[in-house]
Amino acid sequence: MTYIKYPNVRIYWSSQEGLRMNLIADAMTCNRFAVIKRFIHFVDNYEKPQVVTHKFWKIRPVLDILHNSFHSAISTSQNIAINEMMVPFKAGTNGYVHCFELYQGASKDKKSLFGPIGDTVLKLCHSIHGENHKLFMDNLFTTVPLLRKLKSLNIHVLGILRLNRVTGIENYLVKDKLLERGNCSIATSDDNLTVVRWKDT
């Protein structure tokens with residue numbers, strides 16, 4: 001059902017041979033599927049914690065199983081991309097998702113140095129500390145404090161950086177209006193973080 005989406009769930013049990021999905025229809029009846037979908041639970045509602053710290057507590061057992069399975073099924077590849085869709089995820093060059101984090105909205109906890117998005121990146125990288133991995137991120141995730149933190153964990157990063165996240169960097173780069181097409185301007189900090197501005201040809 002994830003790969004082949006029908007506009008109506010009953011079509012999977014269609015009497016027409018071209019529409020009927022045997023893998024589904026032969027596994028259970030449509031009515032049985034509807035009943036399971038209506039009543040399925042993964043935790044006992046009466047065991048709801050008094051203070052809910054995880055918005056997805058009702059499906060937490062499933063999330064934990066998936067998280068552990070993703071980590072144990074395959075070794076993390078050397079080059080990793082962090083991206084976000086419905087949920088942020090971490091995938092290797094083979095497209096395998098190694099780790100994921102469901103967004104729960106703004107946290108009421110004490111604000112960290114890296115912000116909620118940076119904290120998410122660090123959670124996604126919990127299993128690759130000190131292993132010389134290369135991480136690729138877009139401008140949603142990339143900040144200088146986060147780059148320094150990841151570097152201290154021996155995680156190297158290549159990311160697109162918004163200039164408003166690097167105070168004073170303009171003083172060390174050729175201004176955008178003066179940069180000719182096909183050229184670049186480079187600045188490196190004392191702790192070996194390099195920023196490159198380029199203008200496409």
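Hey, does segment 166-182 have a residue that's in contact (Cβ under 8 Å) with a residue 24 or more places away in the chain and out of contact with any Lys or Arg (no Cβ under 6 Å at 6 or more places or on another chain)? Checked segment 166-182: at least one residue is in contact (Cβ under 8 Å) with a residue 24 or more places away in the chain and out of contact with any Lys or Arg (no Cβ under 6 Å at 6 or more places or on another chain).
Please work out if VAL97 is more than 30 Å from GLU131 (Cβ to Cβ), of a type in the set (A, V, I, L, M, F, W, C) and modelled with pLDDT under 85. So VAL97 does not fit the description; no. Here is the figure for segment 33-60: residues that are assigned to a helix (DSSP H, G or I) and either in contact with a helix residue (DSSP H, G or I) (Cβ under 9 Å, 6 or more places away or on another chain) or closer than 28 Å to PHE100 by Cβ (or both) total 12. The set of residues in segment 35-47 that are surrounded by 11 or more Cβ atoms within 10 Å (Cβ to Cβ) and at pLDDT below 95 comprises PHE42, VAL43. Of the residues that sit in segment 126-137 and are in contact with a His (Cβ under 8 Å, 6 or more places away or on another chain) and open to solvent by less than 30 Å² (accessible area, probe 1.4 Å), which one is farthest from SER75 (Cα to Cα)? Step by step, filter segment 126-137, then rank; the result is LEU135. Output the residue which, of all residues in segment 61-77 that are open to solvent by 70 Å² or more (accessible area, probe 1.4 Å) and over 17 Å from the mean Cα position of the chain (by Cα), is farthest from LEU102 (Cα to Cα). In this case the residue turns out to be SER75.
Would you please name the residue that is farthest from ASN79 (Cα to Cα), looking only at residues in segment 189-201 that are touching a strand residue (DSSP E or B) at 6+ places or on another chain (Cβ under 7 Å) and surrounded by 14 or more Cβ atoms within 10 Å (Cβ to Cβ)? Only one residue tops the list, namely ARG197.
Among the residues of segment 152-188, count how many are open to solvent by less than 40 Å² (accessible area, probe 1.4 Å), closer than 19 Å to MET137 by Cβ and assigned to a loop (DSSP other than H, G, I, E, B). Of the residues in segment 152-188, 2 are open to solvent by less than 40 Å² (accessible area, probe 1.4 Å), closer than 19 Å to MET137 by Cβ and assigned to a loop (DSSP other than H, G, I, E, B).
Kindly establish whether TRP57 is over 30 Å from GLY118 (Cα atoms) and surrounded by 11 or more Cβ atoms within 10 Å (Cβ to Cβ). For TRP57, the condition - over 30 Å from GLY118 (Cα atoms) and surrounded by 11 or more Cβ atoms within 10 Å (Cβ to Cβ) - is not met. Within segment 113-125, the residues that satisfy the criterion of being over 15 Å from SER152 (Cβ atoms) and open to solvent by less than 90 Å² (accessible area, probe 1.4 Å) are GLY115, ILE117, ASP119, THR120, LEU124.
The set of residues in segment 10-32 being touching a residue at least 12 places away in the same chain (Cβ under 8 Å), assigned to a helix (DSSP H, G or I) and open to solvent by 50 Å² or more (accessible area, probe 1.4 Å) consists of ARG10 alone. Before we move on, is TYR3 part of a loop (DSSP other than H, G, I, E, B) and aromatic (Phe, Trp, Tyr)? Against the criterion (part of a loop (DSSP other than H, G, I, E, B) and aromatic (Phe, Trp, Tyr)), TYR3 qualifies. The lone criterion from (1) acidic (Asp, Glu); (2) under 20 Å from PHE114 (Cβ atoms); (3) touching a strand residue (DSSP E or B) at 6+ places or on another chain (Cβ under 9 Å) left unmet by ASP176 is number (2).
The values are calculated or read from the model by the stated rules, or taken from the named source; none is laboratory data. The structure displayed is predicted, hence computed values, not measured ones. Because the Cβ atoms are built from the backbone with ideal geometry, glycine has one as well, and the counts that use them run over all protein chains shown. The area values use the complete protein model at the heavy-atom level, side chains included, leaving out ligands, DNA and RNA. Shrake-Rupley method; radii C 1.70, N 1.55, O 1.52, S 1.80 Å.
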